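Q: Sending over a structure as structure tokens; questions will come in a sec.
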Amino acid sequence: MAKTGTTTKGLRAAIERSGYYPALVAEAVEAAVGGEPVASYLVHQETTFDSNEVRRHVTVLVLTEHRFIVSHTDEQAADTSSPTPYATTSTESVKLERISSVVVSRVVANPEKYVPGTLPREVVLTIGWGAVSRIDLEPAACGDSNCEADHGYTGSSTADDLSLRVSEAGDGPDAVRQTLAFAQALSEATAATAASGR
């Protein structure tokens, strides 16, 4: 389930509609936002299955004039550190000028019949700001198939701070639409920040 919008009241309402520990999530998000006006937001809840346990997770993304705020809340079963179930909430506030990439991957059915404006069946939103990077390495080689020399390694580094997958089948068409709207607002905000030299 994803919700998006542009007001602090709307943000709180979307968190409450998600039904996932709304008082806890809202308090953490509102503390991170502070008094800044909300330009756009996205609330995404997902359920995962871990062996014989069902786990829920909610991600809240908030865009203000100067910052991108991301909040994650996870629930945990009772364990050796706690005799009762518990939840963990974290928030991170990122200056817009630190955002290095906003990647939107769209999956469409029957691309040969695609009509502009048709909703993708799946969207993956990946946002990078340099906190987490993934490095993929592989042995380097030359063109000689008989060469046994060590040519070192080659690879690539990819920003991988946040990746959010939303599908029409699992989350509904509104969730896909809302994810695209938030991604566009964030892309426009980062472009404006870069243009102003902030």
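The values are calculated or read from the model by the stated rules, or taken from the named source; none is laboratory data. In this text the structure is predicted, and so the values were computed from the model without any measurement. For neighbour counting, all protein chains shown are included, and Cβ atoms are generated from backbone atoms with ideal geometry for every residue, glycine included. The area values use the complete protein model at the heavy-atom level, side chains included, leaving out ligands, DNA and RNA. Shrake-Rupley method; radii C 1.70, N 1.55, O 1.52, S 1.80 Å.
Q: In deg cm²/dmol, rounded to 500, what helix-only [θ] at 222 nm does the chain give when every DSSP H run of at least 4 residues adds -39500 (n - 2.57) and the total is split over its residues?
A: That comes out to -8000 deg cm²/dmol.
Q: Let me ask another. Can you tell me the order of 138-147, 184-193 when each peptide is scored by its average per-residue count of other Cβ atoms within 10 angstrom, highest first?
A: 184-193, 138-147
Q: Can you give me the accessible area per residue for the chain, using a 1.4 Å probe, in Å²?
A: 57 Å²
Q: Ignoring ligands, DNA and RNA, what percent of the accessible area of the chain is carbon or sulfur (1.4 Å)? Don't skip to the end; give the middle numbers.
A: On the way: 5740 of 11320 Å².
Taking all protein chains in place, the chain shows 51 percent carbon and sulfur surface.
Q: GluC sites (Glu not before Pro), restricted to the stretch 48-137: which are DSSP loop and have at most 16 other Cβ atoms within 10 Å?
A: When the GluC sites (Glu not before Pro) of the stretch 48-137 are filtered for loop state and at most 16 Cβ neighbours within 10 Å, Glu65 remain.
Q: Between Thr48 and Cys147, 0.36 nm times their residue separation minus their Cα-Cα distance comes to what?
A: 30.9 nm
Q: May I pose another question? Mind checking the full-extension length gain between Arg56 and His72? Use 0.36 nm per residue of separation minus the Cα-Cα distance, one decimal, nm.
A: Difference between extended and current length: 4.7 nm.
Q: Using the alpha carbon gyration tensor of the chain, what are the three equivalent-ellipsoid semi-axes (square root of 5 times each eigenvalue), largest first, in whole Å?
A: Computed over the chain, the values are 32, 24, 21 Å.
Q: What distance in nm lies between label points placed 7 Å from Cα along the C-beta direction at Glu36 and Ser93?
A: Label at Glu36, label at Ser93, 0.7 nm between them.
Q: Leaving ligands and nucleic acids out of the surface, order Lys9, Lys95 by accessible area at 1.4 Å, largest first.
A: Lys9, Lys95
Q: Run the paramagnetic zone check for Val107: 7 angstrom along Cα to Cβ, then residues of the stretch 32-47 with backbone nitrogen under 20 Å.
A: 44-47
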